[in-house]
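Each reported figure results from applying straightforward, stated rules to the coordinates on display, with no laboratory input. All values derive from a computational prediction rather than experimental measurement. Cβ placement follows ideal geometry from the backbone for every residue including glycine, while neighbour counts extend to all protein chains displayed.
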Amino acid sequence: MTRVFSGIKPTGEVHLGNLLGALQYWVEDQHRADSFYCVVDLHALTTPQNPEELRAKTLDVARILLAIGLDPEVCTLFVQSHVHEHAEMAWLMECTVSYGELRRMTQFKDKSESSEFVSGGLFTYPALMAADILLYETDRVPVGDDQRQHLEITRDIAMRFNSRYGDTFVVPAAAIPRTGARVMDLQQPTDKMSKSDDSPQGTVLVTEDPRSIEKKFKRAVTDSGTEVRYDPENKPGVSNLLAILGAATGRTPEEAAKGYGQYGPLKSDTAEAVIELLRPVQERYQMLADDPGQTAAVLRSGADKAQQIAASVLARARRNIGLLSRP
Ligand code: ATP
Ligand code: LTN
């Protein structure tokens, strides 16, 4: 069976970009592949976090993943730091990737330019991500378009390790959806919707109240002119609404554009489609919030299951790279 692995950081709140660009595919994949989904708390540490908030967010993101439809009977859901093999494997990856390769990562450039404190971990972030993926003999990694470069570097690391030290890792493929792959900020439609950027009016949260969602879409920045057409280059605002409407209703943005002559109805229909998409998710989220033990139990058995695989792949990598086994 195909093995799928993906991760989400417990920084900020889960938003519509996460859902349409990645998480909805996780839910689909769990039924056709052996799927591992991870709340990557070690990756969150690459930027300074408040300890209490990080702990709470880690549990909260797991709850949201269950609410959107991940079924712990079918897939494996766990927290990255609960399986210590990730941190250890990351070191082997850091020593396999080159400085030049890391320096070319655009996410590092973007994030480091806008931060006061740039950690060493932010720079070596892709090595930890490669460790996550390679530990599970992953065939396919469903991610949003922004992760394309990180997937490429993971493949390069795997191939280099295999050619230096013998066959050790499965070389994974990216699975990037065509529609919804990059949901943009409603106020700045040339930037991606993001958890950690400070743009509350441009970001729609998965747990957000319907009235507030409606307001945000009503105030979404559109483009000059009045024509409704999918043209991300010249009409980024309208195209983003069409991409969201399409992804929320299972159509392409071009199909979603049909029949609209004005921006107003497009905005209200998009808001309605999003509210309907989120309604059952929010109901389940509330039920899980009322019973925190349920999510904790899922994470405990998820970590046990993940660790069995991670430990055996790490042992193979340690052996092949030449580390002496503990006598
Ligand atoms: P941050 O803003 O802190 O970088 P993020 O919102 O990008 O976080 P992640 O935890 O890094 O979220 O990503 C989880 C998944 O969501 C990834 O597969 C990522 O590609 C996808 N994703 C994130 N933002 C968007 C977006 N605006 N459009 C589509 N997919 C997205
Ligand atoms: N870097 C990713 C999160 C992430 C991930 C992974 C995704 C960490 N490890 C492994 C897929 C597979 C991000 O910023 N969205």
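Angle check, please: helix 236-249 long axis (alpha carbons) against the longest principal axis of the chain (alpha carbons), in degrees 0 to 90, nearest 10.
80 degrees
Mind grabbing the base-10 log of I(q)/I(0) for region 51-188 at q = 0.20 Å⁻¹? Debye formula, identical points on the C-alpha positions, no solvent, two decimal places.
Log-scaled intensity ratios, in q order: -1.47.
Angle check, please: helix 292-321 long axis (alpha carbons) against the longest principal axis of the chain (alpha carbons), in degrees 0 to 90, nearest 10.
Here the helix axis deviates by roughly 50 degrees.
Please state the Cα pair-distance histogram of region 253-327 with 5 angstrom bins from zero: what percent is in each bin?
Values per bin, smallest distances first: 3, 11, 11, 10, 8, 8, 8, 9, 10, 9, 6, 4, 2, 1, 0.
Over 10 Å intervals from 0, what percent of Cα-Cα pairs in region 136-224 sits in each interval?
With a bin width of 10 Å, the distribution comes to 15, 32, 24, 17, 9, 3.
Just want the answer: with Cβ charges of +1 for Lys and Arg and -1 for Asp and Glu, which residue in Leu186, Thr207, Ala303 is farthest toward the dipole's positive end in the chain?
About the Cα centre, the residue reaching furthest to the positive side is Ala303.
Using the structure shown, list the pairs from Lys9/Lys216; Lys57/Lys111; Lys111/Lys215 with a Cα-Cα distance above 26 Å, or answer none.
Lys111/Lys215
Taking 1 over the mean of 1/r across every pair of different Cα atoms in the chain, what Kirkwood radius in Å do you get?
Every distinct Cα pair counted, the radius reaches 20.7 Å.
Calculate, axis by axis, the spread of Cα positions in region 1-126 along the three principal axes, and write the results as whole Å, longest axis first.
Between the extreme Cα coordinates on each principal axis of region 1-126 lie 40, 32, 27 Å.
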